[in-house]
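The values are calculated or read from the model by the stated rules, or taken from the named source; none is laboratory data. Worth saying up front: this structure is predicted, and the values here are computed from it rather than measured. Cβ atoms come from the backbone with ideal geometry, glycine included; neighbour counts cover every protein chain shown.
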DNA sequence: CGGTATCCCCTTTGATACTG
DNA sequence: CAGTATCAAAGGGGATACCG
């Protein structure tokens, strides 16, 4: 047993590489990009319009990272004037299922969370 | 229908408040704190020892945030010398189930991810 | 023991300009 | 259209010191 293991762990360990992967695919922009690409394949500027708050730079970085991790595919459709289409991969859809589960969790628990926040903030003041 | 809705959305929407909640409970330290507290209730310095890389400041901030969101409970056990125990709440355990699902996903897909990364990094060079 | 307060750094983020 | 390059701004995180 590795020295970092929990004596009675019943779930998978949190390793650095697992955390890194989650960081790279569950961040603010990745969630929205994956969501948009699950709807339909999209071009770069289509994604910008679908996610108004994202900057070029952040969108590029997000797409490259998702592509590197095998979550999205970059397809050059034509070379004149230059069209690039991004699509979700089968691997990406397995992540989307988890993201949906997370969003359902936030929806379900948000009332409890807001009560907890109100209680916490009250006894602060 | 809100203007930000997906025309054919089949999952929950990503709203700012939902994203904010996920940011506050799925970050690097929160995962490890929740994991540790699922094992057993722990004192502050116990947690520091369980998670060697975390600083006082980050651990305090993480615990306060999780407490505010109703995921952990702060219990003052005695006032001499001063003992504080942190415990996971029922709401926190519902999150732990999802974290376990995420970690299982990373375990299962990591081989595919690593192949994708190798392919991507190769065609870079 | 269980924190808070302060300073500082350093990475991410954003704005802007330019390119194939 | 689909980016890259550069610089400025901001915020999180760490080190250190101090308090109840």
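Name the residues in the range A:34-64 that are touching a residue at least 40 places away in the same chain (Cβ under 8 Å), buried (at least 18 other Cβ atoms within 10 Å of the Cβ) and within 12 Å of DNA strand D (Cβ to nearest atom), would you?
Of everything in the range A:34-64, just one residue is touching a residue at least 40 places away in the same chain (Cβ under 8 Å), buried (at least 18 other Cβ atoms within 10 Å of the Cβ) and within 12 Å of DNA strand D (Cβ to nearest atom), namely A:42.
With the requirement that a residue be part of a helix (DSSP H, G or I) and more than 16 Å from DNA strand C (Cβ to nearest atom), what does the range A:34-55 give you?
Those that are part of a helix (DSSP H, G or I) and more than 16 Å from DNA strand C (Cβ to nearest atom): A:34, A:35, A:36, A:37, A:38, A:39.
Could you look through the range B:65-93, keep only residues that are surrounded by fewer than 17 Cβ atoms within 10 Å (Cβ to Cβ) and either on the phi > 0 side of the Ramachandran plot or within 11 Å of DNA strand D (Cβ to nearest atom) (or both), and pick out the one that is modelled with the highest pLDDT?
By that ranking, first place goes to B:84.
Considering the range B:76-109 alone, what residues qualify as being more than 7 Å from chain A (Cβ to nearest Cβ), outside any loop (DSSP other than H, G, I, E, B) and without any contact (Cβ under 8 Å) to a residue 24 or more places away in the chain?
Across the range B:76-109, the qualifying residues are B:76, B:77, B:78, B:90, B:97, B:108.
Could you count how many residues in the range A:56-82 are within 15 Å of DNA strand C (Cβ to nearest atom) and out of contact with any helix residue (DSSP H, G or I) (no Cβ under 9 Å at 6 or more places or on another chain)?
Residues flagged as within 15 Å of DNA strand C (Cβ to nearest atom) and out of contact with any helix residue (DSSP H, G or I) (no Cβ under 9 Å at 6 or more places or on another chain) within the range A:56-82 amount to 8.
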